[in-house]
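Note sheet for the following structure.
The values are calculated or read from the model by the stated rules, or taken from the named source; none is laboratory data. Here the structure is a predicted model, which is why all the values come from computation and not from measurement. Ideal geometry is used to build each Cβ from the backbone, glycine not excepted, and the neighbour counts take in all protein chains shown.
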């Protein structure tokens, strides 16, 4: 006999390092028909909290700081109305626990604390495409994973669309070494191969952008762009959108672009 109530849907939390990535993943889930929301200081509100309790969203994209340090979200995690629907917590880009978990982003070192806010039967999934053995051990320790009850899956890094190559540079400012990778014979911007050039500093992104603009045909200039933390949220969002759509062919970026990109 049915009481007419609507069955509640399973909810899962995905902890992601960057707002740009959270927003990108939200849109991807929505395109797949999965209700999703990115949760941060800009989107949090009493109404959103109530939406969670009403089981409005299946996928919740959130940063480690918001998950652990925001009082409202911590209280939500402890709420039976919410935790009864929660089926898993996913730590995406889990290598950040090792790379960023020191003084840079302390919350990453404390992610294991999430166990104390949710029922003990909620599994934690840590995912990464770049998790070396030493970093893997650190992730297991920081997330308080019991080795006996942990399943490890390694799919390797043999991607059919990626070919490793090494080109020797005379020094860190030998930007001419980049030209063969991009294509010295390219005459028009749309023909540039879709490329991301990662650098270690914002200054390098500017220098490389200027170098390529001077050494590639003038028609290529509008198809070059930079991405770094000092750009506004709106401009970073636009930069990634243009790169994904192919309007930007070469993106010179700091590590900040490495995680949102899967275009």
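Would you confirm whether any residue within segment 236-243 is more than 26 Å from the chain's Cα centre (by Cα) and either over 26 Å from residue 16 (Cα atoms) or at pLDDT 90 or above (or both)? No, because not a single residue in segment 236-243 is more than 26 Å from the chain's Cα centre (by Cα) and either over 26 Å from residue 16 (Cα atoms) or at pLDDT 90 or above (or both). Looking across segment 110-133 at every residue that is in contact (Cβ under 8 Å) with a residue 24 or more places away in the chain and in a helix (DSSP H, G or I), the one that is nearest to the chain's Cα centre (by Cα) is identified as 111.
Among the residues making up segment 7-18, a single one is surrounded by fewer than 22 Cβ atoms within 10 Å (Cβ to Cβ) and within 9 Å of the chain's Cα centre (by Cα): 18.
Helices (runs of 4 or more DSSP H) fully within segment 167-263 that include at least 2 residues being within 25 Å of residue 40 (Cβ to Cβ), in contact with a helix residue (DSSP H, G or I) (Cβ under 7 Å, 6 or more places away or on another chain) and touching a residue at least 40 places away in the same chain (Cβ under 8 Å): 233-245.
Considering (1) without any contact (Cβ under 8 Å) to a residue 12 or more places away in the chain; (2) under 25 Å from residue 121 (Cβ atoms); (3) touching a strand residue (DSSP E or B) at 6+ places or on another chain (Cβ under 6 Å), the lone condition that residue 30 does not fulfil carries the number (2). When only residues in segment 45-64 that are buried (at least 16 other Cβ atoms within 10 Å of the Cβ) and more than 17 Å from residue 89 (Cα to Cα) count, which is modelled with the lowest pLDDT? So the residue we want is 49.
Number of residues in segment 84-108 that are more than 17 Å from residue 61 (Cβ to Cβ), modelled with pLDDT of 90 or more and surrounded by fewer than 18 Cβ atoms within 10 Å (Cβ to Cβ) equals 1. Please verify whether segment 86-102 includes one or more residues that are touching a residue at least 60 places away in the same chain (Cβ under 8 Å), in the same structural domain as residue 57 (by the TED database) and in a helix (DSSP H, G or I). There is at least one residue in segment 86-102 that is touching a residue at least 60 places away in the same chain (Cβ under 8 Å), in the same structural domain as residue 57 (by the TED database) and in a helix (DSSP H, G or I).
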